[in-house]
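Report on one structure; see the data block that follows.
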Amino acid sequence: MYRGVGLLVDQEDPLVLEILTGSSISYSHNPDLPVKEFPHAVGKQTVLIAGLQARNNAGVVFAGSLEFFSDDFFNSEVEPVGGEKAACGNEALAKASKDWCFKVLKVDCISHHRKGE
């Protein structure tokens with residue numbers, strides 16, 4: 001589930017990752033204004049969530065929607081045509097993006113000691 005703006009990315013940049021793209025009929029435009037010119041971001045070219053792998057191995061995630069990460073969207077169900085209701089994938093995608101961006105490591109044991117002990 002997504003409600004927000006679309007992004008345009010440089011298709012030739014090997015450091016940019018298209019994490020979530022729009023459908024073939026999507027476009028990004030201000031919904032309060034009439035469409036008078038052809039939108040810049042249309043179809044699969046409309047990137048909804050993008051990642052950037054910097055040369056120092058740092059990761060950055062860009063999203064055009066805050067609602068994508070909301071509890072309402074995380075807890076929503078979707079019903080595909082001819083299918084049964086299922087949880088939408090927002091939470092799983094958000095967690096996977098977070099893990100990639102922050103390179104989350106699993107910590108097994110934490111212990112604290114005073115200096116010199």
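Any read-out appearing in this document is the output of simple, stated calculations on the displayed coordinates, not a laboratory observation. Model, not experiment: these values are computed from the prediction. Note: ideal-geometry Cβ built from the backbone for every residue, glycine included; neighbour counts use all protein chains shown.
A Förster radius of 41 Å combined with the Cβ-Cβ distance from Asp71 to Glu12 puts the calculated FRET efficiency at roughly 0.65. On full extension, the segment bounded by Val35 and Trp100 gains 19.8 nm, given 0.36 nm per residue less the C-alpha separation.
When both segment 1-52 and segment 68-116 are represented by their alpha-carbon centers, they are found 23 Å apart.
As a rough footprinting exposure proxy, the listed residues Ile49, Ile110 were ranked by other beta carbons within 10 Å of their own, and the order from fewest upward is Ile110, Ile49. Once you keep just the Cα pairs under 8 angstrom separated by 6 or more residues, what percentage relative contact order results for the chain? After rounding, I find 24 percent. Listed peptides 28-36, 64-72 appear in the order 64-72, 28-36 once ranked by packing, highest mean of other Cβ atoms within 10 Å at the front. For the chain, take the longest principal axis of its alpha carbons; what is the angle in degrees between that and the long axis of helix 90-102, to the nearest 10 within 0 to 90? Once rounded, the angle reads 50 degrees. Look at (1) 64; (2) 50; (3) 61: the one that is percent of Cα pairs over 18 Å apart derived from this structure is (1). Within a straight-line Cα-Cα reach of under 27 Å, Lys95 can be paired with the following lysines, leaving aside sequence neighbours fewer than 8 residues apart in one chain: Lys44, Lys85, Lys103, Lys106. Proximity of backbone amide H atoms, modeled 1.01 Å from N, is registered between Ser28 and Ala41 at under 5 Å, excluding neighbours fewer than 5 places apart on the same chain.
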